[in-house]
Amino acid sequence: QVQLVESGGGLVQGGGSLRLSCAGSGRTFSRLTMGWFRQAPGKEREFVASIRWSAGDTVEANSVKGRFTISRDMSKNTVYLQMNSVKPEDTAVYYCAATPLRVAVHRSQYDIWGQGTQVTVSS
């Protein structure tokens, strides 16, 4: 069973950058798609980005396209979310998740989740 642990969250000023990490353990990611989601207070958990571990194919939500980049380091079994030009509306708890599906953009398609890391963007 895969276990996921997020890190890297914190307080950042609007326009700044932050990099989130998701370290995995328990099994290889080779047949998985890794995703980042976020949930702001009072809102549903929404898709941010995903990466197919083996091929490296990525998908980003329109709201973050051009600002956020998902990547992975196979040697470290770690997925990253580089967040640039952040905005106050990016404030949320960010979650890492895994699914065996090749393409997945909805939270119901993911069955393994990390505990989340808080990102707060000040204006």
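At a Förster radius of 35 Å, what calculated FRET efficiency corresponds to the Cβ-Cβ distance of residue 44 and residue 13, to the nearest 0.05?
FRET efficiency, residue 44 to residue 13: 0.85.
Compute the accessible area per residue over segment 1-88, keeping the other protein chains in place, probe 1.4 Å, unit Å².
Using a 1.4 Å probe on heavy atoms only, each residue of segment 1-88 averages 50 Å².
Of the heavy-atom accessible surface of the chain (probe 1.4 angstrom), what whole percent is carbon and sulfur?
Answer for the chain is 47 percent, counting heavy atoms of protein chains only.
Hey, how many Å between the Cα centroid of segment 64-123 and the Cα centroid of segment 43-59?
7
Which residues does the label zone of residue 89 cover in segment 59-79, counting backbone N under 11 Å from a point 7 Å along Cα→Cβ?
63-64
Relative contact order of the chain, please, whole-number percent, based on alpha carbon pairs below 8 angstrom and at least 6 residues apart.
Computed value for the chain: 36 percent relative contact order.
The values are calculated or read from the model by the stated rules, or taken from the named source; none is laboratory data. Worth saying up front: this structure is predicted, and the values here are computed from it rather than measured. Backbone-built Cβ (ideal geometry, glycine too); neighbour counts: all protein chains shown. Heads up: the accessible areas ignore ligands, DNA and RNA and are worked out on the full protein's heavy atoms, side chains in. Shrake-Rupley method; radii C 1.70, N 1.55, O 1.52, S 1.80 Å.
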